[in-house]
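Everything on this sheet refers to the single structure shown next.
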């Protein structure tokens, strides 16, 4: 309609009216662009708030997982330390089961992973700026790009070596009665009793484990890795806490204690 009016005014050489029509067009376009920009800005703010809420939920999960892993690493370290400290002591009916159990429980391999779906989405979308907090961006980068976690994914030789020695029937018992994983992916090492009516000579098996000097060296390295992993879990938990402190309370749960 406005174009027809401009055409009519040009034909009549009514330049004043043409100028007014032109101004109306320019103002209309300007207002339209401003409204679009305003809507985009509102959408960015809303998207940034959503990211922050989801990051807070991820940090709750990360803190739970990291604390669970640290507890498991420390538990594993206790078993391994017991196996090392009792090496060389006489094996009897009273301690044979505890020694064999310690050697096996020390052989578990646990990875240390983080909930990172929201962060990966932010990165792939190029939306880091929507978080509107450079310190938060830096803390997230430090958490999710920490290279030390890759060392935990390496499975030490001890795991394979000790499981080559322990009979499969006993390993099956360890897995069913002495080990459990919760719904929250927390691994529990259980101080289980010996299997009933076991046909395995536990004294002989414990003596074989203790007499293998290469196995002992591998166990020491395994325990070193376990202790380092527990330290990494503790440090990552501190990073998670620092990030959580910069975020709003998650909708799916309260703030951490």
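Read the figures in this text as sums done on the coordinates, not as results from a lab. Quantities reported herein were computed from a predicted structural model and do not represent experimental measurements. Counting neighbours? That spans all protein chains shown, and the Cβs are built from the backbone with ideal geometry, glycine included.
Is it the case that residue 99 is more than 25 Å from residue 235 (Cα to Cα), in contact (Cβ under 8 Å) with a residue 60 or more places away in the chain and crowded, with 19+ Cβ neighbours inside 10 Å? Yes: the conditions hold for residue 99. The single condition from (1) in a loop (DSSP other than H, G, I, E, B); (2) over 30 Å from residue 84 (Cβ atoms) that residue 112 fails is (2). The condition (being farther than 30 Å from residue 58 by Cα and either within 16 Å of the chain's Cα centre (by Cα) or touching a residue at least 60 places away in the same chain (Cβ under 8 Å) (or both)) is satisfied by just one residue among 133, 139, 93, 120: 93.
For region 172-189, the set of residues classified as assigned to a helix (DSSP H, G or I) and loosely packed, with under 15 Cβ neighbours inside 10 Å consists of 172, 175, 176, 177, listed by residue number.
Pull up region 190-207, narrow it to residues that are in contact (Cβ under 8 Å) with a residue 60 or more places away in the chain and in a helix (DSSP H, G or I), then point me to the one that is surrounded by the most Cβ atoms within 10 Å (Cβ to Cβ). Among residues in region 190-207 that are in contact (Cβ under 8 Å) with a residue 60 or more places away in the chain and in a helix (DSSP H, G or I), the one surrounded by the most Cβ atoms within 10 Å (Cβ to Cβ) is 206. Residues that are in contact with a helix residue (DSSP H, G or I) (Cβ under 8 Å, 6 or more places away or on another chain) and within 30 Å of residue 206 (Cβ to Cβ) occur at least once in region 53-72.
Which of the residues belonging to region 147-160 are assigned to a helix (DSSP H, G or I) and buried (at least 17 other Cβ atoms within 10 Å of the Cβ)? Can you show your working first?
Restricting attention to region 147-160, the residues satisfying the condition of being assigned to a helix (DSSP H, G or I) are 149-152, 157-160.
Those that are assigned to a helix (DSSP H, G or I) and buried (at least 17 other Cβ atoms within 10 Å of the Cβ): 149, 152, 158.
All told, residue 140 falls short of being closer than 27 Å to residue 176 by Cα, crowded, with 17+ Cβ neighbours inside 10 Å and touching a helix residue (DSSP H, G or I) at 6+ places or on another chain (Cβ under 7 Å).
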